[in-house]
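The values are calculated or read from the model by the stated rules, or taken from the named source; none is laboratory data. Quick caveat, the model's predicted, so the values are computed rather than measured. Cβ placement follows ideal geometry from the backbone for every residue including glycine, while neighbour counts extend to all protein chains displayed. Heads up: the accessible areas ignore ligands, DNA and RNA and are worked out on the full protein's heavy atoms, side chains in. Shrake-Rupley method; radii C 1.70, N 1.55, O 1.52, S 1.80 Å.
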Amino acid sequence: MRNTARWAATLALTATAVCGPLTGSALAAPDAAPASLYAPSALVLTVAHGDSATMSSPARAVTLSCAPTPSGTHPAPGAACAELRGVNGDFEALKGRDGVLCTKQYDPVVVTVDGVWQGQRVSFERAFANECVKGSYGTSLFAF
């Protein structure tokens, strides 16, 4: 049941982020030229407390759209989009910063990313030992 609710929320937020600009005259003129030459990049990011997304409920969720300009409910969309462009959208390439000191306390946090990055469907999940370790990865993408 929790996984179904997560997918429903993800699909709704992704549809809103991707289709939100299609209002009024854009819907009335289907033969019109595309408004942008950019491939769609609309993501839904969630964070939950637990070892996996299937066994936990999201505590927070934000949207992030990177084309043509950074936007969404993410607190720093410009920095998050720049960070993603820096690793070519490869979430696995995001590494922890050097010099960050975190406790060894085990209080797992899981982050998920679902949506579209430069026209390609993406789905990513990573569990961190605690909130401090999560904060050490990248600079702003997971900071919400």
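Answer yes if at least one residue in the range 103-119 is of a type outside the set (Asp, Glu), under 16 Å from Ala42 (Cα atoms) and touching a Lys or Arg at 6+ places or on another chain (Cβ under 7 Å), and no otherwise.
No: zero hits.
Suppose we filter the range 97-127 for residues that are assigned to a strand (DSSP E or B) and either out of contact with any strand residue (DSSP E or B) (no Cβ under 7 Å at 6 or more places or on another chain) or on the phi > 0 side of the Ramachandran plot (or both); how many remain?
Total meeting the criteria: 3.
With the requirement that a residue be surrounded by fewer than 16 Cβ atoms within 10 Å (Cβ to Cβ) and under 24 Å from Ser57 (Cβ atoms), what does the range 104-121 give you?
Gln105, Tyr106, Asp107, Arg121
Restricting to the range 36-51, name every residue that is of a type in the set (Gly, Ala, Ser), open to solvent by 10 Å² or more (accessible area, probe 1.4 Å) and modelled with pLDDT of 90 or more.
Of everything in the range 36-51, just one residue is of a type in the set (Gly, Ala, Ser), open to solvent by 10 Å² or more (accessible area, probe 1.4 Å) and modelled with pLDDT of 90 or more, namely Gly50.
Could you figure out which of (1) out of contact with any Asp or Glu (no Cβ under 6 Å at 6 or more places or on another chain); (2) outside any helix (DSSP H, G or I); (3) of a type outside the set (Phe, Trp, Tyr) isn't true of Leu141?
It is condition (1) that Leu141 fails.
Out of Ala12, Ala33, Ala8, Ala59, report the one residue that is outside any helix (DSSP H, G or I), open to solvent by 40 Å² or more (accessible area, probe 1.4 Å) and at pLDDT below 90.
Ala33
How many residues, within the range 67-103, are of a type in the set (Ser, Thr, Tyr) and either open to solvent by less than 70 Å² (accessible area, probe 1.4 Å) or touching a residue at least 24 places away in the same chain (Cβ under 8 Å) (or both)?
2
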